[in-house]
Amino acid sequence: FLFFLAGLQAIPHSLVEAAARGVFPSWTEARPGRREHMARVAALLEEWARGRGEPPAERTRWVAAGYLHDALRDADPGGLRLAVDPAFRDLPGKVLHGPGVARRLREEGVADEELLHALAYHTLGSEDFGPLGWALYSADFLDPGRSLREAWRAGLRGRASQDLEGVVREILQARIRYQAERGRPIHPRTVAFWNRLAEGEDWASASEV
């Protein structure tokens, strides 16, 4: 919630405004196919922001998030591990790009905390997300360029502008189930994200498992 308020009060940085026009930062390390993905995510975020009736400044932030989220996806994980904040250094290499982007933007003067948090945690999710974080997490997963379960994804895309929280819950539930069925660990931040979205539900008892 605090990140949400901080975002509303922030004046978009010139780098954020440029990203919203599709201009990638000079330090971007992303292959052409990755940039196409980023553009599709940005277009989806713009569509949802318009559908929600967000004001122009807020649409700028959402679109910029789409263009920026994978700006370091093809950077060397070893270099990213040394560059990110210490709190992220134990993460797997494939998820270091979000914290790396947030760190670079902060170093260049971007002070929009909600945006930076959304970028840093767009792969894991976060219990501290506001609507921008929810939207980026969802749009990254629902990229129309992905072919898996197309009808289901299309349905979620169509609902997102009116039921963003419901869409996030459905995506997160599916991703946690996928990991659990394969015996894979689930990051504590992802678990906390789910618990926040599920607030108000009764805790499961041992007899229900």
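Per-residue SASA remark: D76, around 100 Å² accessible (1.4 Å probe; ligands, DNA and RNA not included). Once all protein chains are placed together, T190 keeps about 20 Å² accessible to a 1.4 angstrom probe. In sequence order, the range 50-62 has phi-based couplings of 5, x, 7, x, 5, x, x, 5, 6, 4, 4, 5, 5 Hz under the Karplus curve 6.51 cos²θ - 1.76 cosθ + 1.60, θ = phi - 60°, and Gly or Pro positions carry x. 3J(HN,Hα) along the range 111-124, derived from phi through the Karplus expression 6.51 cos²θ - 1.76 cosθ + 1.60 where θ = phi - 60°, amounts to 10, 7, 5, 5, 4, 4, 5, 4, 5, 5, 10, 5, 8, 8 Hz, with x in place of Gly and Pro.
For the range 62-209, give the percent of accessible area contributed by carbon and sulfur heavy atoms, probe 1.4 Å, rounded to a whole number. Provide the component values of the computation, followed by the final result.
Values: 3560 of 7150 Å².
About 50 percent, which is the carbon plus sulfur part of the accessible surface.
The value for the range 72-198 of Rg(Cα) / (2.2 N^0.38 Å) is 1.08.
Rolling a 1.4 Å sphere over the protein heavy atoms, what is the accessible area per residue of the chain, to the nearest Å²? Could you put the intermediate results ahead of the total?
Details: 10620 Å² over 209 residues.
For the chain, the per-residue accessible area is 51 Å².
For the range 75-83, backbone phi angles converted through the Karplus equation (6.51, -1.76, 1.60; θ = phi - 60°) give residue-by-residue couplings of 6, 5, x, x, x, 5, 4, 6, 8 Hz, Gly and Pro being listed as x. In the complete set of protein chains, residue-level accessible area for E36 is approximately 110 Å², probe 1.4 angstrom.
With a 10 Å cut-off between alpha carbons and a GNM built on the chain, which of W62, W134, W194 moves the most? Looking only at W62, W134, W194, the largest GNM fluctuation is found for W194.
Distance from the Cα centroid of the range 62-76 to that of the range 122-140 is 14 Å (rounded to whole angstrom). All C-alpha pair distances within the range 1-112, sorted into 5 Å bins from zero, spread as 2, 13, 21, 22, 20, 14, 6, 1, 0 percent across the bins. If you sort D163, D112, D90 by accessible surface, 1.4 Å probe, largest first, the order is D90, D163, D112. Helical runs assigned H by DSSP (4 residues or longer) give the chain a calculated mean residue ellipticity at 222 nm of -18000 deg cm²/dmol, each run adding -39500 (n - 2.57) before division by the residue total. The angle between the Cα long axis of helix 150-159 and the longest principal axis of the Cα atoms of the chain comes to about 70 degrees, rounded to the nearest 10.
The values are calculated or read from the model by the stated rules, or taken from the named source; none is laboratory data. Remember, predicted model here, so these are calculated numbers, not experimental data. Heads up: the accessible areas ignore ligands, DNA and RNA and are worked out on the full protein's heavy atoms, side chains in. Shrake-Rupley method; radii C 1.70, N 1.55, O 1.52, S 1.80 Å.
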